[in-house]
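> Have a look at this one.
The values are calculated or read from the model by the stated rules, or taken from the named source; none is laboratory data. Bear in mind the structure is a predicted one, so any value in this text is a computation, not a measurement. Note: ideal-geometry Cβ built from the backbone for every residue, glycine included; neighbour counts use all protein chains shown.
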Amino acid sequence: MKQLFSNLKGDLFGGITAGIVALPLALAFGVSSGLGPSAGLYGAIFIAFFAALFGGTNTQISGPTAPMTAVSMVVIASILAANDGDLNKALPIILTVFLLAGLMQIGLGVLGLGKYIRYIPYPVVSGFMTAIGVIILVTQILPSIGYYAKEDTEFVDQFKPQAEEIILENILKEEAGEGILVLEDFKETIKRAEATTQADILKESKTLAGKEASGVLGAFKVLPRALKNINWLELVLALGTIFIIYGFKRITTKIPSTLVALVVMSAIAILGKLDYRPIPEIPEGLPVFQSGIFTNFNLGSLTPYIFTALTLALLGAIDSLLTSVVADNMTKTKHNPNKELVGQGIGNSIASLFGGIPGAGATIRTVVNINSGGKTKLSGMIAGVLLFIILLAIAPLASKIPAAVLAGILITVGIGVMDYKGLKAIPALPKDAKIGPFKISSEVIIMLVVLILSTFWNLVYAVGIGLVIASLMFMKKIGDLTAERSDVKSLKEEAWEDEGGFPVNLKEEVFIKHIKGPLFFGSTSDFQALAKQIPKTASTVIMRLDRMQYMDQSGLYAMEDMIQDLKSNGTHVEVLFVGLLKQPRYMMERIDIIPDFIPEEHIFETFEDCLKWVKQNIKDTF
């Protein structure tokens, strides 16, 4: 406790500054997610406080971030679509997914998996971050010009026939569930269909229109219509916001330019009594506990989103731990990755219980905190408390912020979150892969696959596919390197230092195989060709295993097949092992390669011992 208050003045100033920076971003991320500004603010409050209290990075400031919001946006949109666009029906499922993601993060920390996050390949992270930037940038074009598909009457009317089909389909499903649907009598169906009002059809049509215009592809689909219906006031507000954010940084960086833009542009709109579109209303008072997470719990509704929750958990872990590394570099300290994951998980879990969107360690806010004097966990907790006070004090005023101003803020976030370092490196990376007649870097392939799939298809699956491709390419490279270094060569072509005394007259009868690396599934195909490479004159193969530290199951069976081939090709070639290490020996003993195929007397610790056996047992016949 004493240590917590050891830097009170610095932590107070750091926490207040970070909280001020977090405010406009929290509101913007909340609106962007689809749950409204209050969800972003609630997330910022609870995650900042509890992630700091229980986390493993003293100076970390946590809250909603661009990557977490982008994935949350996809989750929210898909669950909303599955619940006829009814947020009240969908909210318990959405928040349950967020709660599950938080609990998974706690599990990752408890199991000690934090240290393994660093093994995620850079091209996957690079492609994902750039995709996040593109998604935010493109999806904010429509609100920045004041176009909302659900309010475009002509566009909505196109979906009325489809809306009627869906309503009828839902009626039939309801009747089937109630056990009253019979082919001989559709009177009840007709009765319920006639009770459907034009308002019901319009509501369903708006849901379909919103779904059609969602995401990057949806934004591009409706962009021509949007450009014909530009609201010039909204566009001016958005452009003014962007101009201040970039322009004010040239004057000073001590005051957050994002906050300046929010205050200035909102004041112009409010005091000038302009006819602008405000953000959704922020409820006054304390955040409400979302008991529906438990009272409306349905495992069947949650099951399709378990992998999505895991993706959110992993993304939050990566986002947070990368920021922790930045904090370590600035403060010359060392974070605890597993404790940090537990803290982030607790923060996200509690935020979900009160309707907040998930978040992670936020790099910009953490840097601001450190530069402002923050050194202990108290700074992050103060940032959360400040946002809580702002919620209670100015919720009605904050509800008057123009939606276009938040869209402008998000456009700058989208531009800033892209991985320009990775994009600039594309021309310089070695072209080690071939697609048809074209040569390209394998890392560029991974980055582009993740970028394209994330942007135009699915963020969750794109990361998984990127990891699989990266793993396969890595295995291919290691397999090629291993096979290249462990080719079967005659003694004349290649000899290790201790093989200098090998009898020249026995070189036709004895061939030496050098394995210079792990024998695993990536290198087995070349290894299996060993039997075909040995000439008919050879009666003995010496396998130098001094440098084969590891053998997996694929390598084990490849070894077994090779020995069987050598012993059953009519020449009964003897196989000698030299320098067999502990792990490969254990594997071969499990399936009785030793001693059934290779007896103990054919296993030698040194090449010198093997050479004595060769001189005593091998005759010069060629």
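> In the range 312-333, which residues are assigned to a helix (DSSP H, G or I) and more than 21 Å from G347 (Cβ to Cβ)? Let's see the steps before the verdict.
Let us first name the residues in the range 312-333 that are assigned to a helix (DSSP H, G or I), namely 312-331.
Scanning the range 312-333 gives N329, M330.
> Cβ-Cβ distance below 6 Å, separation of 6 or more or different chains: which pairs start in the range 279-295 with a residue that is over 27 Å from A238 (Cβ atoms) and end on one that is assigned to a loop (DSSP other than H, G, I, E, B) and at pLDDT 80 or above?
Listed pairs, sorted by first residue: P287/F354; Q290/G355.
> For the range 409-440, which residues satisfy the criterion of being of a type outside the set (A, V, I, L, M) and in contact with a strand residue (DSSP E or B) (Cβ under 9 Å, 6 or more places away or on another chain)? Spell out how you get there, then give the answer.
Initially, the range 409-440 is screened for residues of a type outside the set (A, V, I, L, M), giving 412, 414, 416, 419-422, 424, 427, 430-432, 434, 436-439.
K431, D432, K434, K439, listed by residue number.
> Look at I515 and say whether it is among the β-branched types (V, I, T) and at pLDDT below 80.
Values: among the β-branched types (V, I, T): yes; at pLDDT below 80: no.
Answer is no for this residue.
> Then there's this: Got at least one residue in the range 550-561 being surrounded by 15 or more Cβ atoms within 10 Å (Cβ to Cβ) and either modelled with pLDDT under 75 or not in a helix (DSSP H, G or I) (or both)?
Looking for residues that are surrounded by 15 or more Cβ atoms within 10 Å (Cβ to Cβ) and either modelled with pLDDT under 75 or not in a helix (DSSP H, G or I) (or both), one finds at least one in the range 550-561, hence yes.
> Please find, within the range 268-300, the residue that is modelled with the highest pLDDT out of those that are exposed (fewer than 14 other Cβ atoms within 10 Å of the Cβ) and outside any loop (DSSP other than H, G, I, E, B).
L271
> Give the residue, chosen from I61, I94, I79, I106, that is surrounded by fewer than 22 Cβ atoms within 10 Å (Cβ to Cβ), in the same structural domain as I20 (by TED's automatic domain parsing), under 28 Å from G355 (Cα atoms) and not acidic (D, E). Step through it out loud before you land on a result.
On the way: I61 fails: surrounded by fewer than 22 Cβ atoms within 10 Å (Cβ to Cβ); I94 fails: surrounded by fewer than 22 Cβ atoms within 10 Å (Cβ to Cβ); I79 fails: surrounded by fewer than 22 Cβ atoms within 10 Å (Cβ to Cβ).
Of I61, I94, I79, I106, the one residue that is surrounded by fewer than 22 Cβ atoms within 10 Å (Cβ to Cβ), in the same structural domain as I20 (by TED's automatic domain parsing), under 28 Å from G355 (Cα atoms) and not acidic (D, E) is I106.
> What residue, of F607, F577, is touching a Lys or Arg at 6+ places or on another chain (Cβ under 8 Å), under 16 Å from F511 (Cα atoms) and not β-branched (V, I, T)? It would help to see each step written out before you state the result.
Working: F577 fails: touching a Lys or Arg at 6+ places or on another chain (Cβ under 8 Å).
Step by step, each of F607, F577 is checked, and only F607 is touching a Lys or Arg at 6+ places or on another chain (Cβ under 8 Å), under 16 Å from F511 (Cα atoms) and not β-branched (V, I, T).
> Could you check the range 108-170 for helices (runs of 4 or more DSSP H) lying wholly inside it with 1 or more residues that are farther than 28 Å from G240 by Cβ, under 34 Å from the mean Cα position of the chain (by Cα) and touching a residue at least 60 places away in the same chain (Cβ under 8 Å)? Spell out the reasoning first.
Details: elements: 122-139, 141-144, 153-157.
Qualifying helices (runs of 4 or more DSSP H): 122-139.
> Hey, any hits in the range 223-244 for a residue that's touching a strand residue (DSSP E or B) at 6+ places or on another chain (Cβ under 6 Å), under 16 Å from A403 (Cα atoms) and in a helix (DSSP H, G or I)? Break it down into steps so the answer makes sense when it comes.
Here is the first cut: in the range 223-244, the ones touching a strand residue (DSSP E or B) at 6+ places or on another chain (Cβ under 6 Å) are 237.
Among the residues that remain, those that are also under 16 Å from A403 (Cα atoms) are: 237.
Narrowing the set further to residues that are in a helix (DSSP H, G or I) leaves 237.
The answer is yes, given that some residue of the range 223-244 is touching a strand residue (DSSP E or B) at 6+ places or on another chain (Cβ under 6 Å), under 16 Å from A403 (Cα atoms) and in a helix (DSSP H, G or I).
> Can you tell me which residue in the range 1-12 is surrounded by the most Cβ atoms within 10 Å (Cβ to Cβ), limited to those that are hydrophobic (A, V, I, L, M, F, W, C) and modelled with pLDDT under 85?
Start the filter on the range 1-12 by keeping residues that are hydrophobic (A, V, I, L, M, F, W, C), which leaves 1, 4-5, 8, 12.
Narrowing the set further to residues that are modelled with pLDDT under 85 leaves 1, 4-5, 8.
Details: M1: 5, L4: 14, F5: 10, L8: 12.
Ranking the candidates gives L4 first.
> Considering the range 119-146 alone, what residues qualify as being aromatic (F, W, Y) and surrounded by fewer than 24 Cβ atoms within 10 Å (Cβ to Cβ)? Write out each step before concluding.
Residues of the range 119-146 aromatic (F, W, Y): 119, 122, 128.
Hits for the range 119-146 are Y119, Y122.
> Among the residues of the range 591-622, how many are assigned to a helix (DSSP H, G or I), of a type in the set (A, V, I, L, M) and within 21 Å of P535 (Cα to Cα)?
2
> Hey, can you tell me all the residues within the range 238-267 that are touching a Leu at 6+ places or on another chain (Cβ under 8 Å) and modelled with pLDDT of 90 or more?
The answer is T241, M265.
> Let me ask something else. From the set of residues in the range 428-459 that are in contact with a Lys or Arg (Cβ under 8 Å, 6 or more places away or on another chain), modelled with pLDDT of 75 or more and not small (G, A, S), which is farthest from T311 (Cα to Cα)?
K439
> Here is a follow-up. Collect the residues in the range 567-585 that are in a loop (DSSP other than H, G, I, E, B) and surrounded by 14 or more Cβ atoms within 10 Å (Cβ to Cβ), keeping them in residue-number order.
Residues satisfying the conditions are V573, G579, L580, L581.
> Let me ask something else about it. Going through K173, K115 one at a time, which residue ends up being among the charged types (D, E, K, R), surrounded by fewer than 18 Cβ atoms within 10 Å (Cβ to Cβ) and not assigned by TED's automatic domain parsing to the domain that holds S352? I'd like the intermediate steps shown before the answer.
Numbers: K115 fails: not assigned by TED's automatic domain parsing to the domain that holds S352.
Selected residue: K173, the only one of K173, K115 that is among the charged types (D, E, K, R), surrounded by fewer than 18 Cβ atoms within 10 Å (Cβ to Cβ) and not assigned by TED's automatic domain parsing to the domain that holds S352.
> Go through the range 301-321 and report how many residues are of a type in the set (S, T, N, Q), surrounded by fewer than 24 Cβ atoms within 10 Å (Cβ to Cβ) and over 13 Å from M104 (Cβ atoms).
To start, the set of residues in the range 301-321 that are of a type in the set (S, T, N, Q) comprises 301, 303, 308, 311, 320.
Filter once more, so that each one left must be surrounded by fewer than 24 Cβ atoms within 10 Å (Cβ to Cβ): 301, 303, 308, 311.
Next, only the ones that are over 13 Å from M104 (Cβ atoms) stay: 301, 303.
Qualifying residue count, the range 301-321: 2.
> Among (1) under 18 Å from D11 (Cα atoms); (2) touching a Phe, Trp or Tyr at 6+ places or on another chain (Cβ under 8 Å), which single condition is G356 missing?
With (1) under 18 Å from D11 (Cα atoms); (2) touching a Phe, Trp or Tyr at 6+ places or on another chain (Cβ under 8 Å) applied to G356, the lone miss is (1).
> Okay, next question. Check every one of the helices (runs of 4 or more DSSP H) wholly within the range 1-83 and list those with 1 or more residues that are touching a helix residue (DSSP H, G or I) at 6+ places or on another chain (Cβ under 8 Å) and among the aromatic types (F, W, Y).
Working: elements: 8-33, 37-54, 66-82.
Output list reads 8-33, 37-54.
> A further question follows. List the helices (runs of 4 or more DSSP H) inside the range 352-426, counting only whole elements, that have at least 2 residues being in contact (Cβ under 8 Å) with a residue 60 or more places away in the chain and more than 23 Å from the chain's Cα centre (by Cα). So that I can check it myself, show each step before the final result.
Details: elements: 363-371, 377-398, 403-417, 420-424.
Answer list for the range 352-426: 363-371, 377-398, 403-417.
> Restricting to the range 356-377, name every residue that is in contact with a Ser or Thr (Cβ under 7 Å, 6 or more places away or on another chain) and buried (at least 24 other Cβ atoms within 10 Å of the Cβ).
Initial filter on the range 356-377 (in contact with a Ser or Thr (Cβ under 7 Å, 6 or more places away or on another chain)): 357-363, 366, 368-370, 372, 374-376.
Scanning the range 356-377 gives I357, P358, G359, A360, G361, A362, T366, N369, G374.
> So M588 passes all but one of these: (1) surrounded by fewer than 19 Cβ atoms within 10 Å (Cβ to Cβ); (2) within 45 Å of the chain's Cα centre (by Cα). Which condition number does it fail?
All conditions pass for M588, except number (1).
> Return only the number of the condition from (1) assigned to a loop (DSSP other than H, G, I, E, B); (2) closer than 17 Å to F98 by Cβ that A309 does not satisfy.
(1)
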